[in-house]
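Before any comments, here is the structure.
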Amino acid sequence: AKERASRIGVGVSEHAQSIFEALSKTLPCRWDQNSIVVLDEIAIDSPYTTDTCRELTSAASTLLRVKKVLQGELGRLGHATPVG
């Protein structure tokens, strides 16, 4: 139950939660306040697009991978954005 609760963002939009759930099917994710943290290396901030991805560590290759997965999930959710 605790793990399930940690997968629910507090005070985030339904859109943000949908993105989190889609990403977490492929990559390990967790919430850090309103940011989605992926692989403990990348944070995705609101409005949760490829432009709002940032490295938490020096992880350029991970950043590119996360952006590609995010772009695919946004496309499936109907919110396509270019990889930037």
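Using only the alpha-carbon atoms of the chain as identical scatterers, what base-10 log of I(q)/I(0) does the Debye formula give at q = 0.14, 0.22 Å⁻¹? Debye output, listed in q order: -0.40, -1.01.
Taking all protein chains together and rolling a 1.4 Å probe, Cys53 ends up with roughly 20 Å² accessible.
Per residue, the accessible area of the chain comes to 60 Å² when a 1.4 Å probe rolls over the protein heavy atoms. Overall, the chain carries a charge dipole of about 240 debye about its Cα centre when +1 sits on the Cβ of Lys and Arg and -1 on the Cβ of Asp and Glu, all other atoms neutral.
Taking the protein heavy atoms of the chain in the context of the full set of protein chains, the accessible area attributed to carbon and sulfur is 50 percent at 1.4 Å.
The values are calculated or read from the model by the stated rules, or taken from the named source; none is laboratory data. Computed from a prediction, not measured in an experiment: that's the story for all the values here. As a convention, Cβ positions derive from the backbone with ideal geometry for all residues, glycine included, and neighbour counts pool all protein chains shown. Calculation scope for accessible area: heavy atoms of the full protein, side chains included, ligands and nucleic acids excluded. Shrake-Rupley method; radii C 1.70, N 1.55, O 1.52, S 1.80 Å.
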